[in-house]
1. For chain A, modelled as a Gaussian network with Cα springs under 10 Å, which listed residue fluctuates most, A:S202, A:S247, A:S30?
2. Find which of A:V274, A:V74, A:L153 sits farthest along the positive direction of the dipole of the range A:2-282, computed with +1 on the beta-carbon of Lys and Arg, -1 on that of Asp and Glu, about the Cα centre.
3. PRE reach from A:V262 (point 7 Å along Cα→Cβ): which of the range A:271-291 fall under 11 Å by backbone N?
4. If exposed GluC sites (Glu not before Pro) are those in a DSSP loop with at most 13 other Cβ within 10 Å, what is the longest stretch of chain B that has none?
5. Can you compute the equivalent ellipsoid semi-axes for the range A:233-287, i.e. the square root of 5 times each eigenvalue of the Cα gyration tensor, sorted largest first and rounded to whole Å?
6. Work the Kirkwood hydrodynamic radius out for the protein assembly as shown: mean of 1/r over every pair of different alpha-carbon atoms, inverted, in Å.
7. Put a dot 7 Å past each Cα toward the Cβ at B:A224 and A:F147; how far apart are the dots in nm?
8. Are there any helices in chain A, counted as whole DSSP H runs, that stretch 18 Å or more along their axis by Cα and score at least -1.0 on average by Kyte-Doolittle, and if so which?
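Laboratory data are not the source of any read-out in this text; all were calculated from the coordinates shown. These numbers come from a predicted model, not from an experiment. Counting neighbours? That spans all protein chains shown, and the Cβs are built from the backbone with ideal geometry, glycine included.
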Amino acid sequence: MTVKYLWSIFFLSLHAMVPITLTAVGEVVSETAGLFDIGLEGILLLSAFTGALGAEAGGWILGILVGIGTGLVVGLFFGLVNAYWKGNQLITGVGINLFALGFVAFGLQALGTPGFHSVPRVAQLPKVPTPVGGLSPIVFVALFLPFLIHWVLFRTRVGLWIRAVGENPEAADVAGVPVELVQLLSTAFGAALAGLAGAYMSVAWMGSVTKEIAAGRGFIALATVVFSGLNPLLTLAGGFIFGFFDSLATWISNIPGVKEVVPWQFISMTPYVVTLLVVTGVIGRVRFPKALGIPYRRE
Amino acid sequence: MKRVKSSLWSILESVVAGILGLAVAGLILKAWGYSPTAAYVALVRASFTDLYGFAGALANATPLILTAITFAIGARAGLFNIGAEGQLYMGALAAIAASLFRLPAGIHLIVALVFAAVAGVLWSLVPAILRATRGVSEVISTIMFNWIGHFLALFLVANVLVDPYRGEKTISAALTSRFPILIRGTDLSYGIFLSVAFALFVYFLLWHTVVGYEMRAAGANPDAARYGGVQSRRVVVLVFALGGIAAGLAGATQSLGRPPTYAVYSGLPQIANLGFDGIGVAMIGRNHPLGIIAAAIFYGGLQAGARLMQMTAGVPLEMVRVVQGVIVLALALPELLRIFRGLGRRLWRPRSLGEGGEG
């Protein structure tokens, strides 16, 4: 009984971890290349919406692909504006967030379901059964990707390019690395992972879309990136910490008596409080690429 | 002269971005099967062609001017303070909390405004201190505080300030603490004067005082400002506190100045997103208090018109925020106009003569 209970907490946390870890590990790649994307929140929201529509039109495979594609398109736009046109990364990110907020609310209203749109069960990504409960296949993707990305970043030539571009774009440029192209592709890759995370939320995890579906997760992912110090493997730990506190609210309401003592609003606050505490705790101990956030202009 | 030219240039950029925003949103409307022309005619007619509509635009602009100022002061000082949203919730509720006491009219309003301003400052204090002492990115801390504030506000509405007869809302602001209505039959209250006065005060502060100079110096070149003796910690806390005052007051203009109920509802429908919209308004107004007033009236007008647009053209009113998003994206493009200029040159001149190049 108790063991089963612990498993269910663990699985809930894993499911809540996925969007954070996927988004954060993608942003690790983008920030390693020097681009700081605060539009992740908007990408999560947009792709949760488009992913749900895709799933309804052609099943979960299409839904996931549409979600990834949405992230990719936004990421290519972000990369084009910032890697090539040397735009303002923060403003572009805010613009993406505002646009997403408006577009998804508009879309939900236009579908005739203001506020809430549920994805039919048949269009949802089914869970993999295990002896102790169902697990979404995307969980495995999220657990595996940080290792793959770690290997690429630190063991391959492509990874060397990405790191060089973020650390010292002038030197990378002199060495013949196409700085802008590497930045564009890195940030687009990161955004595509955020797109996958968004589609996962609507098509696999929650089975519905609301205006608030992202719920600050894009920014929690940014905090996780700070926590990780750009080490892809640490996005697993950061994501799990958040996932644990995110699911806290779900299971704590099952414990009789607790709800009467602690109002639910305070339980819902904890992931955000914990995120802030974690970021405050690690600040100063992590080092970021020198050229992060600074547009590269060839002299 | 140079300053005049550069501000004209900024205005032109915002106008071009505005047109771009409306055009792209028009394409999205078309893609969803709506008529952009019908939508835009309704949008503009509702708010910019008659007095009552324009009063609605000003009523919507009232909180937006203030939340935009929150962002703009930060941006001028090199800080990306996106915490107006949470600070505004706290301000709106603190202003309501002042109605737990009885006070004479006039004084009561002032006390409520002080409550709101203090609540806004308190809510901005932790991100400010974390930034000043530990260097925690304000992008992350302010967003976390927005969410913490969101849930705290839901709690306060449902449990602390709840109307004993109607559980879905707070108690209504006392008659003595409300902003008087400026034009009968509209939502426009004297709050607009507070907003405009605060914007003018910030303009004066930034460009005509030593403190303001220090803030702008910190934003323009942090290292040089430090060598010049500007204490960056003090500036950071000051910038956040001023922003908190503005956002707190923005909340008060909503809970004390919006008929008919003068209360905050559960789910925060009338105050949600005013902080984020303020960021967009600040950017359209180029982080300049005067630009912000104009941009807030523009955006407030779109919001006011959106209701009529939804009724007559059937277009969801959320479309307006799509327009805003595209405008901000357009403004993120550096030297937006230079791109246009470059395009124009290429179109109008033969290739061989076009080597004048981009300056």
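1. Comparing A:S202, A:S247, A:S30 in the GNM, the peak value goes to A:S247.
2. A:V274
3. From the range A:271-291, the list is A:271.
4. Working: sites that count: B:E168, B:E358.
My reading of the result: B:169-357 is the longest stretch.
5. Values: eigenvalues 148, 31, 7 Å².
Each semi-axis is the square root of five times an eigenvalue, giving 27, 12, 6 Å.
6. On the way: mean 1/r = 0.0391 Å⁻¹.
Kirkwood hydrodynamic radius for the protein assembly as shown: 25.6 Å.
7. Result for the modelled spin labels: 5.2 nm.
8. On the way: long enough: A:2-32 (43 Å, 1.06); A:40-79 (30 Å, 1.65); A:89-110 (31 Å, 1.53); A:137-155 (27 Å, 2.00); A:179-199 (30 Å, 1.49); A:234-252 (27 Å, 1.44); A:264-282 (28 Å, 1.43).
Within chain A the helices that satisfy the rule are A:2-32, A:40-79, A:89-110, A:137-155, A:179-199, A:234-252, A:264-282.
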